[in-house]
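Below is one structure, written out as structure tokens; comments come after it.
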Amino acid sequence: MPNYQLKSEKLLSEEFIKLIKLALPIVGSSILHVLYNLTDMLWVGKLGTGAIAAVGTVGYYIFFAMAISSLIGIGSAIKISHEVGAKNPKASGEYAVASVWGIGLIALASSIVMLFFSKNLIGFFNLQDENVNLQAINYMKIAAFGLVLNYITIAFMSIVNSHGLTKISFRVNIIGVVINIVLDPIFIFTLGLGVEGAALATVISRLMTTIVYLFYFKQSNIAFFNGFAPKFSKLKTIIQISSPTTGKRITFMIISLVLARIIAQWGAGAIAVQRIGVQIESVTFMILWGISQSTSILTGQYYGAKTIHNIKHVYNAGLKISIGIGVTTTLLLVAFPELLMSIFFHETESILLGKNYLIIIGISQLFMCLEMLNEGAFNGLGKTQYPAVVSIIFTALRIPMAIYLGNYTSLALDGIWWSISISSILKGIILFGLFQYVFFGIGKIRNKGLYFKLQNQ
């Protein structure tokens with residue numbers, strides 16, 4: 001075997017191990033997040049389908065606010081990883097300060113909107129059950145207080161992870177999740193606060209997580225921050241890089257809100273089924289989020305250090321992992337849908353609705369994994385526009401597909417699930433092909449595109 005091939009295989013193996021070591025704590029944090037959400041739903045589910053629908057309805061707006069916060073989060077993570085790779089702590093610290101200020105202001109504005117316009121926001125869904133509406137409004141008002149804490153902890157986690165210290169963020173997240181799991185049943189049932197108790201438990205757990213992060217920053221020998229006031233040049237750069245991804249996420253959430261309105265035609269039970277289905281599916285999403293983030297961090301650091309050849313090995317290692325996870329989760333969701341739904345629902349009708357959701361969405365899991373891996377690789381290069389454009393176009397297709405399949409075919413509600421699954425399949429295929437074309441230099445772009453620029457740095 002030629003020496004260059006042996007060297008290439010060795011590098012692939014090294015990057016595979018490095019990717020796994022970096023990804024495991026992120027995956028662990030993601031699974032903790034899923035565990036937190038599932039535990040929340042388990043306890044809230046004991047209050048009935050209406051309570052799940054109420055919490056799920058508010059969840060759309062919380063995720064929407066998170067999409068807006070990515071205007072800071074994505075760009076700061078990319079730039080910090082670039083500066084860490086370039087061994088420039090001053091610049092990385094300035095980007096960290098700018099990110100905390102930026103994301104904090106966005107979270108504050110989002111909290112004010114949710115607090116004072118909760119009735120209008122919930123009214124958008126036109127839910128017919130007045131009790132569900134009331135629970136959702138009360139849940140939103142309490143959740144609004146925790147939004148700033150939530151996003152500040154996300155900013156802290158991103159800063160720590162960009163330095164490659166993913167084990168630290170994992171340990172801090174454990175504390176927050178354990179506190180939330182302990183407080184949920186106490187506030188919901190022992191104190192009789194219902195869905196409001198679930199929201200209050202979340203706020204307290206986020207507060208404790210923030211405190212632990214602050215304590216770690218104070219005790220650490222690493223200078224994560226540089227200065228107090230944000231440098232607007234750094235904030236501008238962050239926003240420029242983040243804008244495509246933020247546009248993608250905001251578009252995604254708007255489309256999700258429209259789809260939720262369409263789903264509401266089938267009643268609160270349909271909304272509850274999707275809410276639980278999304279939580280089950282999010283196990284795949286969160287694991288791949290760890291792989292995607294790790295790919296982005298390593299790609300960003302190698303890009304900053306100008307060791308471009310290592311990016312190829314990181315990507316190939318991530319591809320192997322992503323395919324394995326995608327195939328496994330597809331088999332699980334398609335083979336055991338009723339069993340998974342019966343954990344959360346006790347009504348036969350809801351279980352059967354949920355069964356169809358998991359089977360249809362399960363088919364697209366491999367392609368969702370490909371989408372997320374390639375998005376992480378593009379983001380690490382700072383080329384956020386590629387995944388953003390693909391996502392916006394094909395996610396937007398869900399609305400006309402949902403209207404047609406849901407209202408003009410015999411699929412009915414299942415047609416909504418198919419619109420989501422089909423669009424995920426298309427995004428995965430196209431982003432995978434696009435990264436091969438752009439980075440690996442297939443076709444004309446090899447000589448005059450990104451590949452040429454990277455090779456000649």
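When each of 246, 202 is tested for being under 24 Å from residue 100 (Cα atoms), crowded, with 18+ Cβ neighbours inside 10 Å, out of contact with any Ser or Thr (no Cβ under 6 Å at 6 or more places or on another chain) and not small (Gly, Ala, Ser), the lone residue that passes is 202.
If you go through the stretch 114-127 and keep only what is surrounded by fewer than 18 Cβ atoms within 10 Å (Cβ to Cβ) and touching a residue at least 24 places away in the same chain (Cβ under 8 Å), you end up with 115, 124, 126. Contact map, the stretch 47-64: first residue farther than 17 Å from residue 149 by Cα, second residue assigned to a helix (DSSP H, G or I) and acidic (Asp, Glu), Cβ cut-off under 8 Å, separation 6 or more or different chains; pairs are 55/40. Taken as a whole, the condition of being in contact (Cβ under 8 Å) with a residue 12 or more places away in the chain, more than 20 Å from the chain's Cα centre (by Cα) and surrounded by 19 or more Cβ atoms within 10 Å (Cβ to Cβ) does not apply to residue 287. Being over 25 Å from residue 60 (Cα atoms) and in contact with a Phe, Trp or Tyr (Cβ under 6 Å, 6 or more places away or on another chain) holds for only one residue in 159, 211, and it is 159. Hey, among the residues in the stretch 338-373 that are under 16 Å from residue 271 (Cβ atoms) and of a type in the set (Gly, Ala, Ser), which one's surrounded by the most Cβ atoms within 10 Å (Cβ to Cβ)? Checking each candidate, the answer is 354. Taking the stretch 191-309 and the helices (runs of 4 or more DSSP H) fully enclosed by it, the elements with 2 or more residues that are at pLDDT below 85, over 23 Å from residue 168 (Cβ atoms) and among the charged types (D, E, K, R) are at 232-263, 268-305. Being in a helix (DSSP H, G or I), closer than 18 Å to residue 376 by Cα, modelled with pLDDT of 85 or more and among the hydrophobic types (A, V, I, L, M, F, W, C) is true of residue 84. All of 383, 355 fail the test of being of a type outside the set (Asp, Glu) and touching a Pro at 6+ places or on another chain (Cβ under 7 Å), apart from 355. Across the stretch 114-133, the qualifying residues are those that are in a helix (DSSP H, G or I) and out of contact with any helix residue (DSSP H, G or I) (no Cβ under 8 Å at 6 or more places or on another chain), and the one among them that is nearest to residue 230 (Cα to Cα) is 116. The condition (being within 29 Å of residue 244 (Cα to Cα), surrounded by fewer than 24 Cβ atoms within 10 Å (Cβ to Cβ) and touching a residue at least 24 places away in the same chain (Cβ under 8 Å)) is satisfied by just one residue among 72, 68, 80: 68. Return the only residue of 159, 168 being of a type in the set (A, V, I, L, M), surrounded by fewer than 23 Cβ atoms within 10 Å (Cβ to Cβ) and assigned to a helix (DSSP H, G or I). Of 159, 168, the one residue that is of a type in the set (A, V, I, L, M), surrounded by fewer than 23 Cβ atoms within 10 Å (Cβ to Cβ) and assigned to a helix (DSSP H, G or I) is 168. Take residue 355 and decide whether it is among the basic types (Lys, Arg) and in a helix (DSSP H, G or I). Spelling it out, residue 355 is indeed among the basic types (Lys, Arg) and in a helix (DSSP H, G or I).
Residues of the stretch 129-144 that are surrounded by fewer than 24 Cβ atoms within 10 Å (Cβ to Cβ) and over 25 Å from residue 108 (Cβ atoms): 129, 130, 131, 133, 134. Here residue 70 passes the criteria (1) assigned to a helix (DSSP H, G or I); (2) modelled with pLDDT of 85 or more except the one numbered (2).
Checking each residue in the stretch 290-315 for being touching a Gly at 6+ places or on another chain (Cβ under 6 Å), farther than 13 Å from residue 17 by Cα and among the hydroxyl-bearing types (Ser, Thr, Tyr) picks out 292, 296, 299.
Residue 197 falls short on exactly one of the conditions (1) touching a residue at least 60 places away in the same chain (Cβ under 8 Å); (2) over 19 Å from residue 90 (Cα atoms); (3) small (Gly, Ala, Ser), and that condition is (1).
The set of residues in the stretch 23-42 that are over 21 Å from residue 291 (Cβ atoms) and either buried (at least 20 other Cβ atoms within 10 Å of the Cβ) or of a type in the set (S, T, N, Q) (or both) comprises 39, 40, 41. Consider residue 93 carefully, then state whether it is outside any helix (DSSP H, G or I), more than 25 Å from residue 255 (Cα to Cα) and either more than 18 Å from the chain's Cα centre (by Cα) or among the charged types (D, E, K, R) (or both). Spelling it out, it is not the case that residue 93 is outside any helix (DSSP H, G or I), more than 25 Å from residue 255 (Cα to Cα) and either more than 18 Å from the chain's Cα centre (by Cα) or among the charged types (D, E, K, R) (or both). Scanning the stretch 290-330 for residues that are among the aliphatic types (A, V, I, L, M) and either buried (at least 24 other Cβ atoms within 10 Å of the Cβ) or touching a strand residue (DSSP E or B) at 6+ places or on another chain (Cβ under 9 Å) (or both) turns up 291, 297, 298, 314, 317.
The values are calculated or read from the model by the stated rules, or taken from the named source; none is laboratory data. Since this is a predicted model, take the numbers as computed values, not measurements. Cβ coordinates were reconstructed from backbone atoms using ideal geometry, including for glycine residues, and neighbour counts include every protein chain displayed.
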